[in-house]
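Below is one structure, written out as structure tokens; comments come after it.
The values are calculated or read from the model by the stated rules, or taken from the named source; none is laboratory data. Because the structure is predicted, anything quoted here is derived from the model rather than measured. Cβ atoms come from the backbone with ideal geometry, glycine included; neighbour counts cover every protein chain shown. Please note that ligands, DNA and RNA were not included when accessible areas were found on the heavy atoms of the full protein model with its side chains. Shrake-Rupley method; radii C 1.70, N 1.55, O 1.52, S 1.80 Å.
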Amino acid sequence: TMPDDNNPRELVLVLVAGAVLAARGLARPGFMTGRRAWAALAVAGCVAAVPLAAAAVQPIQTPVTTPLAAWLRAHNLRYGIAGYWNSGNVTLAARNGVMVRSVSKRYFGFSADDWETNWTWYYPAHDATFAIADQPPPPGVRQGRTMITVRDFEKVFGKPAASYQVAGEIVMVYRQNLLLHVGGYRQGGPDMQQQ
């Protein structure tokens, strides 16, 4: 649904379709019998096993959001907001010990994100006291996702009480409930829920 050069997952279907087309090309009557069939199966198995074996010996990499989630938990920051790519990832890395809810930039400020969200997350009964801002990319580097920068947050919420650079992102801590200034929760709920 979002094919671009920064989203390689969209190519998965191309690989499957290519395998089906290759199999159709080899499936002529009488072509794949006996030794040829076993040889083709062995070659295909080896070709499939090589990248799997190479991937299996690679060291496990810690997700980028793991140190950010640990830092938020250590500083007793439990509920906040961020753009889509930082919200769910940090919440997952923190195993729900830190809740980061997704917001979208709008012409009037911010609203509850309308993708993969639950409208109850944006009730002001939750006390969202921090925002995670994206670092702008270096000059000349194209960014493939929508970013929410420090400037974007400061336009709506003002200057934070404190800012910290953590794991490549900027954590902005406020002494107010940011959800009071996020549009969307006031609309009554079901229209905000992901269908």
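Can you tell me which residue within the range 106-117, out of those that are under 15 Å from LEU178 (Cα atoms) and open to solvent by less than 20 Å² (accessible area, probe 1.4 Å), is nearest to the chain's Cα centre (by Cα)?
ASP113
Of all residues in the range 61-79, count the ones that are open to solvent by 90 Å² or more (accessible area, probe 1.4 Å), more than 17 Å from ASP127 (Cα to Cα) and free of Cβ contacts under 8 Å to residues at least 12 places away in the same chain.
The total comes to 2.
Looking at (1) at pLDDT below 90; (2) among the β-branched types (Val, Ile, Thr); (3) part of a helix (DSSP H, G or I), which is the only condition THR91 fails?
Result: THR91 fails condition (1) only.
Within the range 75-82, does at least one residue satisfy the condition of being out of contact with any Leu (no Cβ under 7 Å at 6 or more places or on another chain) and within 12 Å of ALA167 (Cβ to Cβ)?
Checking the range 75-82: not a single residue is out of contact with any Leu (no Cβ under 7 Å at 6 or more places or on another chain) and within 12 Å of ALA167 (Cβ to Cβ).
Residue by residue through the range 80-105, note down the ones that are within 18 Å of ALA133 (Cα to Cα) and either exposed (fewer than 14 other Cβ atoms within 10 Å of the Cβ) or polar (S, T, N, Q) (or both).
Within the range 80-105, ASN86, SER87, ASN89, THR91, SER102, SER104 meet the criteria.
Among the candidates THR120, THR146, single out the residue that is in contact with a helix residue (DSSP H, G or I) (Cβ under 8 Å, 6 or more places away or on another chain) and either modelled with pLDDT under 90 or open to solvent by less than 80 Å² (accessible area, probe 1.4 Å) (or both).
THR146
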